[in-house]
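Structure first, commentary second.
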Amino acid sequence: MNKGLSPIVKNVAAVALVPITVFGLYVIAHGHLTPGGGFPGGAIIATMTALLLISFGTSWVKAIGKERLSMAESLGLVGFVGLAIMGIGKSFFNNFLVGQGLFFGNAVAFGPNPGWLGTAGLIPLMNMAVGLEVFAAISLIAITMFTAEVSK
Amino acid sequence: MERNKSKPIVAAILFVFLLAMSFSIHPAGKPSETKMDDFFIAHGQEETGSNNIVAAIVFDYRGMDTLVEASVLFAAATGVFIALGGGKK
């Protein structure tokens, strides 16, 4: 069991944790407007896990649970495939929400515009699913590698 | 001995070759085939509603690529989990 580093490092990590998570969520949520998306956003949030592992040690891993992370990973991938299948009436990966006026379905103005969050149909939802999957997968890899026991 | 003598010759030939190749690359920003790029730039915004053309291509036009990419990450996590003792002790 790794006890982690000094209280100074722990406090700084605890302060840095919130902006890192918020920035990662921002990158995921604005994937259809600005550079970024599910993959980089999920990786940014996963750096939070690495920071926690290094500064706080491994005592908190049991409370989170590897099974729960694995579940989140599977959920992200299944959600991605599910969203892709939902448009199967026309084709796989058919973006059926665009221009419907529903959830994320506002019509977007053609040409340069400031950008609205509620556009692009399935793309933000897929970004969220992929972000969840990437976050859980990289966190799982980091935790597993950090807590691996060397057999004699 | 023979090997050491041929080294500068090989380096010189490689240098000349790379120099010639660097001059023969077509200029940046001017691809020879632009039909597909023009289509995405002209229709991407109205077809997908996404301001970000890259997101439109990655998650809509080439969604299958992204799907398999995500599965690769899933497989990688699974492999690490299996290899480094995620199972019951």
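Projected onto the charge dipole of the range A:7-147 (+1 at Lys/Arg Cβ, -1 at Asp/Glu Cβ, origin at the Cα centre), which of A:Pro114, A:Ser70, A:Thr58 gives the Cα projection farthest towards the positive end?
A:Thr58
With r as the distance between the Cβ atoms of B:Lys35 and B:Ala76 and R0 = 30 Å, compute the FRET efficiency 1/(1 + (r/R0)^6) and round to 0.05. Display every interim value, and only then the final one.
Details: r = 36 Å, r/R0 = 1.20.
Approximately 0.25, to the nearest 0.05.
Please list log₁₀ I(q)/I(0) at q = 0.09 Å⁻¹ for the protein assembly as shown, using the Debye equation with identical point scatterers on the alpha-carbon positions.
Taking Cα atoms of the protein assembly as shown as identical point scatterers yields -0.57.
Under the 0.36 nm per residue contour assumption, what length would be gained going from the current alpha-carbon distance of B:Ile53 and B:Phe15 to full extension?
Details: separation 38, 0.36 × 38 = 13.68 nm, distance 3.86 nm.
Full-extension gain reported as 9.8 nm.
Please compute the length gained on full extension between A:Leu75 and A:Leu25, using 0.36 nm multiplied by the number of residues separating them and subtracting their Cα-Cα distance. Walk me through the intermediate numbers first.
Details: separation 50, 0.36 × 50 = 18.00 nm, distance 1.75 nm.
Extra length available between A:Leu75 and A:Leu25 comes to 16.2 nm.
How crowded by other chains is B:74-82, given as the mean number of beta carbons from other chains within 10 Å of each beta carbon?
Numbers: counts 9, 1, 4, 12, 6, 1, 8, 9, 1.
So the per-residue partner count for this stretch is 6.
Treat each spin label as a single point 7 Å out from the Cα along the C-beta direction, and report the B:Ala83 to A:Ile64 distance in nm.
2.1
Rolling a 1.4 Å sphere over the protein heavy atoms, what is the accessible area per residue of chain B, to the nearest Å²? Could the numbers behind the result be given before it?
Working: 6720 Å² over 89 residues.
Roughly 76 Å² per residue, with all protein chains present.
Number of Lys-Lys pairs in the protein assembly as shown under 18 Å by Cα, sequence gap 8 or more or different chains?
Numbers: A:Lys3/A:Lys62; A:Lys62/B:Lys88; A:Lys62/B:Lys89; A:Lys66/B:Lys88; A:Lys66/B:Lys89; A:Lys152/B:Lys88; A:Lys152/B:Lys89.
The result is 7.
Accessible area lost on pairing A with B, both sides, 1.4 Å probe, Å² to nearest 100? Let's see the in-between values first.
On the way: alone 9360 and 8160 Å², together 14740 Å².
Using a 1.4 Å probe, the pair buries roughly 2800 Å².
Convex hull over the Cα atoms of the range B:3-89, averaged projected area in nm²?
The number I arrive at for the range B:3-89 is 12.8 nm².
With only alpha-carbon atoms in the gyration tensor, what are the semi-axes of the equivalent ellipsoid for the range A:7-147, in Å, largest first? Kindly include the intermediate steps, with their values, before the conclusion.
Details: eigenvalues 220, 71, 16 Å².
Sorted largest first and rounded, they come to 33, 19, 9 Å.
Hey, any idea what % of the range A:1-83's accessible area is carbon plus sulfur with a 1.4 Å probe? Can you show the working numbers first?
On the way: 3420 of 4420 Å².
Heavy-atom surface of the range A:1-83 belonging to carbon and sulfur, 1.4 Å probe: 77 percent.
Could you derive backbone 3J(HN,Hα) for the range A:39-54 from the dihedral phi with the Karplus parameters 6.51, -1.76 and 1.60 (θ = phi - 60°), listing whole Hz in sequence and x where the residue is Gly or Pro?
5, x, x, x, 5, 5, 5, 5, 4, 4, 5, 5, 4, 5, 4, 6
The values are calculated or read from the model by the stated rules, or taken from the named source; none is laboratory data. If you're wondering where the values come from, they're calculated on a predicted model, not measured in any experiment. Positions of Cβ are generated from backbone atoms using ideal geometry, with glycine treated the same way; all protein chains shown enter the neighbour counts. With ligands, DNA and RNA removed, areas are computed over all heavy atoms of the protein, side chains included. Shrake-Rupley method; radii C 1.70, N 1.55, O 1.52, S 1.80 Å.
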